[in-house]
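Have a look at the structure below before the remarks.
The values are calculated or read from the model by the stated rules, or taken from the named source; none is laboratory data. It should be emphasised that the depicted structure is a prediction, and the values quoted were computed from it without experimental measurement. Ideal geometry is used to build each Cβ from the backbone, glycine not excepted, and the neighbour counts take in all protein chains shown. Protein only, heavy atoms only, side chains kept; ligands, DNA and RNA dropped before computing areas. Shrake-Rupley method; radii C 1.70, N 1.55, O 1.52, S 1.80 Å.
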Amino acid sequence: ADLFAGSGTFALQLAAGAEVHAVESDAAALAALDRAYRFAPGLRRVTTEKRDLFRRPLLAKELDRFDGLAFDPPRAGAEDQSKQIARSAVPFVAAVSCNPVTLARDLAILIGGGYTLKSVTPIDQFLWSSHVEAVALLEKPRRRR
């Protein structure tokens, strides 16, 4: 899953190796993602869902069907969505953020829910600015069914 997917920065890359469900509140961004997917050769299936994850985060039960997920929220972070991820059985999570304060908060929620922080990598994506992205990788042991 790709949450806060925008126009598919991560979803399209992930689709090179797996089916992806992309969730985003902006209809124009989802339309661009869908069009890019349809014209890109060799990708696995990409489905989209228009949903405001701040008002209606995907619930733990909805998340449990995914083998992994990435989320890249706006500067406000993904507090409520992180609470649902923490309750889920998703084994692998990539958290991307441009705000170290909200990233720390969201990571604390995930760690409190049983995830182990494997790495955090800063990325100087925007040269000539003080803006730095960070990518955190987390893992949770799979629950026995």
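For segment 1-17, how many residues meet the condition of being in contact with a Pro (Cβ under 8 Å, 6 or more places away or on another chain) and not in a strand (DSSP E or B)? So the answer is 1.
Being outside any strand (DSSP E or B), in contact with a helix residue (DSSP H, G or I) (Cβ under 7 Å, 6 or more places away or on another chain) and open to solvent by 40 Å² or more (accessible area, probe 1.4 Å) holds for only one residue in 65, 105, and it is 105. With respect to the conditions (1) within 24 Å of residue 83 (Cβ to Cβ); (2) surrounded by fewer than 16 Cβ atoms within 10 Å (Cβ to Cβ); (3) not hydrophobic (A, V, I, L, M, F, W, C), residue 35 falls short on a single one, namely (1). One residue stands out among those in segment 126-145 that are under 19 Å from residue 78 (Cβ atoms) and of a type outside the set (Asp, Glu): the one that is surrounded by the most Cβ atoms within 10 Å (Cβ to Cβ), which is 138. Answer yes or no as to whether residue 43 is assigned to a loop (DSSP other than H, G, I, E, B), farther than 19 Å from residue 74 by Cα and open to solvent by less than 70 Å² (accessible area, probe 1.4 Å). Taking the combined requirement at face value, the residue satisfies it. Looking across segment 112-136, the residues that are at pLDDT 95 or above and of a type in the set (Val, Ile, Thr) come down to 116, 120, 121, 135.
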